[in-house]
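What follows is one structure encoded as structure tokens, with my remarks underneath.
Every number here is computed from the coordinates shown, using simple stated rules; none is lab data. Just so it is clear, the structure is predicted and the values come from calculations on it, not from any experiment. Here the Cβ is made from the backbone with ideal geometry for all residues, glycine too, and neighbour counts use every protein chain on show.
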Amino acid sequence: MKETQSGSGSGETPVVRMDKVNKHYGALHVLQDIELEVTRGEVVVVLGPSGSGKSTLCRTINRLETIDDGDIYIDGTRLPAEGKPLAQLRADVGMVFQSFNLFAHKSILENVTLGPIKVKGMKKAEADKLAMKLLTRVGVANQKDKLPAQLSGGQQQRVAIARALAMKPKVMLFDEPTSALDPEMIQEVLDTMVELAEEGMTMIVVTHEMGFARKAAHRVVFMSDGAIVEEAKPEDFFTNPQSDRAKDFLGKLI
Ligand code: ADP
Ligand code: MG
């Protein structure tokens, strides 16, 4: 179940490649020589203490943040892609945030159809059909006419996942997607993410849910102070962390 579709050493173009990426916020070196390759169908979980640069890393991949030097490639195309509008480029990189970020004054259905219609020029009927398929898949189709505030946090986050999927992204980024949820709603969102992973979606997931990391991740990337300190299979990372910083991080989890 955790085999990646591409297999190993196939020489296939990675879906995401970060090559010596550096970024500063003033004096803060928030991303330090980041090297990361994510292959098709791979699920990478990014762990690390608060402030280590995990969100910044995600935000550079969909160009919510620029970088100072280095290169980022999405499916072989270097960012920013020449001549390609940012909105289209971002369509390749779905992102789900901690704080759902749904359009508050649009229905659940419209939240999902907006991107395909506006960015991809899809006809409304086709976009509606796609949205209903995705809303059904994440289990909230019966909420389609409601506004986001009428849904629970877990339902809203599943809508956010459906909205991102509607753009047919090449990779999905999740930045602490369950951190703002009441405990009883965390599992329904994680279950949706596990299903996506099992269907072969390429995913980068920042989370504190170690159960998800153990179950769904092909690889754990551990960040500290803006650098990738350690990378390993989850079973190796959790049982045998190499660096003092990873040991310290895991020691603080209960
Ligand atoms: P994480 O997601 O791992 O908690 P972040 O990527 O959010 O870490 O932040 C990394 C560091 O960069 C933190 O020290 C944070 O305060 C700082 N930072 C994040 N965003 C900005 C910003 N827009 N301007 C200045 N500093 C920032
Ligand atoms: Mg963060």
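Details
- log₁₀ of I(q)/I(0) at q = 0.07, 0.14 Å⁻¹ - the chain, Debye sum with one point per alpha carbon: -0.23, -0.97
- The mean sequence separation of alpha-carbon pairs under 8 Å and at least six residues apart, normalised by the residue count of the stretch 85-239, gives a relative contact order of 25 percent.
- Residue ranges 135-147, 169-181, 194-206 sort as 169-181, 194-206, 135-147 when ordered by packing (mean number of other C-beta atoms within 10 Å per residue, highest first).
- Hydrodynamic radius of the stretch 131-254 per Kirkwood, over alpha carbon pairs, in Å: 15.8
- Counting DSSP beta bridges with both ends in the chain, the antiparallel % (nearest 5): 55
- Each peptide in 33-46, 222-235 gets a packing score, the mean of other Cβ atoms within 10 Å over its residues, and the list from highest to lowest is 33-46, 222-235.
- Only lysine pairs 8 or more places apart, or on different chains, with alpha-carbon atoms under 25 angstrom apart are counted in the stretch 1-124, and they number 13.
- When you restrict to C-alpha pairs under 8 Å that are six or more residues apart and normalise by the size of the stretch 1-120, the relative contact order lands at 25 percent.
- Peptides 112-118, 17-23, 85-91, 162-168 ranked from most to least packed by the mean count of surrounding Cβ atoms within 10 Å: 162-168, 112-118, 17-23, 85-91.
- A viscosity of 1.306 mPa s and a temperature of 10 °C, combined with the Kirkwood radius over C-alpha pairs in the Stokes-Einstein formula, give the stretch 213-254 a diffusion coefficient of 152 µm²/s.
- Where a label projected 7 Å from the Cα of residue 84 along Cα→Cβ would reach, residues of the stretch 34-49 with amide N under 18 Å: 37-41
- Between amide H atoms placed 1.01 Å from N, distances below 5 Å from residue 65 occur with 60, all of them 5 or more places distant or on a separate chain.
- In sequence order, the stretch 197-205 has phi-based couplings of 4, 5, 7, x, 5, 7, 9, 10, 10 Hz under the Karplus curve 6.51 cos²θ - 1.76 cosθ + 1.60, θ = phi - 60°, and Gly or Pro positions carry x.
- Inverse of mean 1/r across different Cα pairs in the stretch 13-119, Kirkwood, Å: 15.4
- Binned Cα-Cα distance frequencies in the stretch 49-186 - 5 Å width, integer %: 2, 10, 18, 21, 19, 14, 10, 5, 1, 0
- Neighbour cut-off at most 16 other Cβ (10 Å), DSSP loop, GluC sites (Glu not before Pro), the stretch 77-135: 82
- Out of every Cα-Cα pair that the stretch 182-235 contains, those further apart than 17 angstrom amount to 40 percent.
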